[in-house]
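First comes the structure, then the notes that go with it.
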Amino acid sequence: MAANKITQAVYEQVLSRNPGEPEFHQAVKEVLNSIGPVLEKNPQYVEARILERIVEPERQLIFRVPWQDEKGDFRVNRGFRIEFNSALGPYKGGIRFHPSVYLGIIKFLGFEQILKNSLTGLMMGGGKGGSDFDPKGKSKGEVMRFCQSFMTELCRHIGPDTDVPAGDIGVGGREIGFMFGQYKRIRNEFTGVLTGKGLEWGGSLVRTEATGYGLVYIMAEALKAKKKGLDGMTVAVSGSGNVAIYATEKVHQLGGKVVAMSDSNGFIYDPAGINLDTVKKLKEVERKRIKEYVSIHKKAKYADGCNGIWNVKCDVALPCATQNELDEAAAKTLVKNGCLAVGEGANMPCTPEAADVFIDSKVMFLPGKAANAGGVAVSGLEMAQNSQRIPWTFEKADSELKIIMQTIYKNASQAAEEYGCKGNFVVGANIAGFTKVANAMLAQGLV
Ligand code: NDP
């Protein structure tokens with residue numbers, strides 16, 4: 001059967017087996033669209049039904065998370081952990097707490113994670129978890145009780161050599177601490193079962209900064225190949241969470257100027273350059289809305305509606321908030337305004353139509369799978385440090401991160417070129433990530 005018929009048949013099976021999960025369908029489709037030529041060259045993948053197996057999670061866990069709010073009322077949320085693929089190592093991927101979380105979101109993120117982790121070159125399989133719990137407006141005690149209840153069930157399924165979760169939207173250092181404490185209490189063991197831990201108790205330097213820094217390292221590498229640099233460039237960064245903040249920090253360190261950031265309510269525009277100390281204070285310490293920025297910086301402007309950020313004129317756009325936040329119309333506006341490069345800090349922030357606009361307009365487009373792999377890469381380095389029981393210096397972890405991002409860039413661009421799609425990093429990242437996993441699955445037999 002021709003490769004495109006095979007990928008189409010696999011896609012149809014995914015649709016019928018996973019109804020009502022559009023984000024998962026979207027993530028699978030993007031990969032299947034890239035790997036036809038790989039199947040042509042490697043009939044052994046077809047014979048061993050690698051595609052059919054890779055789109056089916058090894059294990060899917062859905063569980064009840066009961067907890068008590070400040071008023072003493074009992075509340076119930078739903079928890080998920082998708083252990084998607086362990087061909088390259090223990091399942092690895094974050095935990096997301098957001099009201100939009102359902103099975104389809106966790107499956108899309110888990111599927112992306114397989115190829116992303118493969119790209120890092122470290123030994124990590126793919127997984128993802130989360131809950132429809134909304135941390136916004138909850139007290140610290142409520143968040144702690146929720147995390148403890150979540151881990152009371154999850155701890156049966158994870159372990160340092162089995163499945164190692166980390167943070168994601170709504171799960172930062174505080175939540176990882178609460179979950180780690182509960183795991184330790186129930187299992188009576190102090191192990192590297194979670195990454196993103198505090199520095200005093202097993203965390204890695206640079207983990208907090210890793211996804212944002214990594215995004216900017218790979219962007220700098222891609223620009224260098226075009227004889228350009230971030231120095232003097234104007235940048236728009238969506239979101240104001242972990243990824244957005246540290247992407248902004250690194251852009252500023254490299255001489256660029258971030259002029260816009262956002263949250264789910266709206267965006268700020270500061271032509272003088274965003275004052276990151278203010279954003280950190282508002283978002284990391286006080287947990288306030290981005291709108292507050294303009295009461296401190298009077299020349300900055302705030303507008304309701306997060307999509308408006310893509311109307312801001314910029315050389316480089318870094319969507320760092322959430323999936324499908326940048327659509328076709330926004331992509332066209334960015335191109336019209338002269339945007340040269342887009343790097344996905346979030347997972348799948350650009351709709352497929354938006355990605356096509358960038359690729360067709362020859363705007364350099366770095367997909368999340370490659371561009372935001374820095375977070376999980378330093379998580380992998382945290383696992384290595386936990387095994388050795390020796391913490392690394394900031395410089396060592398940062399320089400390893402930089403090397404990993406440069407290698408991802410090199411491998412994705414070489415794969416794209418080898419398969420006749422020079423400059424298409426979507427195809428390149430998918431092929432480079434997939435090939436390694438497929439070879440491991442072949443070697444490990446029918447599992
Ligand atoms: P955070 O929870 O720290 O921050 C998320 C940010 O995005 C918040 O500012 C949030 O605003 C904003 N946001 C949410 N929805 C929207 C929206 N529709 N429009 C605009 N802004 C929005 O999460 P992270 O920074 O950790 O994660 C961001 C993205 O990066 C996610 O896609 C995640 O999967 C991905 N990622 C994260 C990694 C990590 O290491 N943390 C690693 C790799 C990928 P508000 O406060 O209003 O909700």
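Observations
- Surface share of carbon and sulfur [accessible, 1.4 angstrom probe, percent] for the chain: 51
- Rel. contact order, % - alpha carbon contacts under 8 angstrom, at least six apart, the stretch 210-362: 23
- Annotation note: trypsin sites (Lys or Arg not before Pro) in the stretch 250-355 located in DSSP loop regions with a Cβ neighbour count of at most 12 within 10 Å are ARG287, LYS288, LYS298, LYS299.
- Stretch in the chain that is longest and holds no GluC sites (Glu not before Pro) that DSSP places in a loop and that have at most 11 other beta carbons within 10 Å: 287-447
- With 21 Å as the limit on Cα-Cα distance, the pairs of LYS197/LYS283; LYS71/LYS138; LYS369/LYS402; LYS128/LYS291; LYS92/LYS288 that go past it are LYS128/LYS291; LYS92/LYS288.
- Judged by the ratio a/c of the largest to the smallest principal axis of the C-alpha gyration tensor, the stretch 8-127 counts as prolate, that ratio being 1.5 or greater while a/b is larger than b/c.
- Ranked by the mean number of other Cβ atoms within 10 Å per residue, highest first, peptides 360-369, 237-246, 421-430, 302-311 order as 237-246, 421-430, 360-369, 302-311.
- In the chain, helical runs assigned H by DSSP with n ≥ 4 each contribute -39500 (n - 2.57); averaged across all residues and rounded to the nearest 500, the mean residue ellipticity at 222 nm is -14500 deg cm²/dmol.
- Inter-part distance, the stretch 221-256 to the stretch 411-447, computed on C-alpha centroids, equals 27 Å.
- Computed over the chain: relative contact order in percent, which uses C-alpha pairs under 8 Å that are six or more apart: 15
- Whole-number percent relative contact order across the stretch 333-447, with pairs defined as alpha carbons under 8 Å at least 6 apart: 21
- Packing-based ranking, highest mean first, of 120-129, 143-152 given that Cβ atoms within 10 Å are counted: 120-129, 143-152
- Rounded if a/c under 1.5, otherwise prolate or oblate - the chain, Cα gyration tensor axes: rounded
- The residue among PHE190, ALA244, VAL294 whose Cα reaches farthest toward the positive pole of the charge dipole of the chain, with charges on the beta-carbon of Lys, Arg, Asp and Glu, is VAL294.
- With θ taken as phi - 60° and the Karplus curve 6.51 cos²θ - 1.76 cosθ + 1.60 applied, the whole-hertz 3J(HN,Hα) list for the stretch 310-318 is 7, 7, 6, 5, 8, 7, 10, 10, 10 Hz, x standing for glycine and proline.
- Per residue accessible area of the chain, 1.4 Å probe, in Å²: 41
The values are calculated or read from the model by the stated rules, or taken from the named source; none is laboratory data. Computed from a predicted structure; not experimentally measured. With ideal geometry, Cβ positions are generated from the backbone for all residues, glycine too; neighbour counts draw on all protein chains shown. With ligands, DNA and RNA removed, areas are computed over all heavy atoms of the protein, side chains included. Shrake-Rupley method; radii C 1.70, N 1.55, O 1.52, S 1.80 Å.
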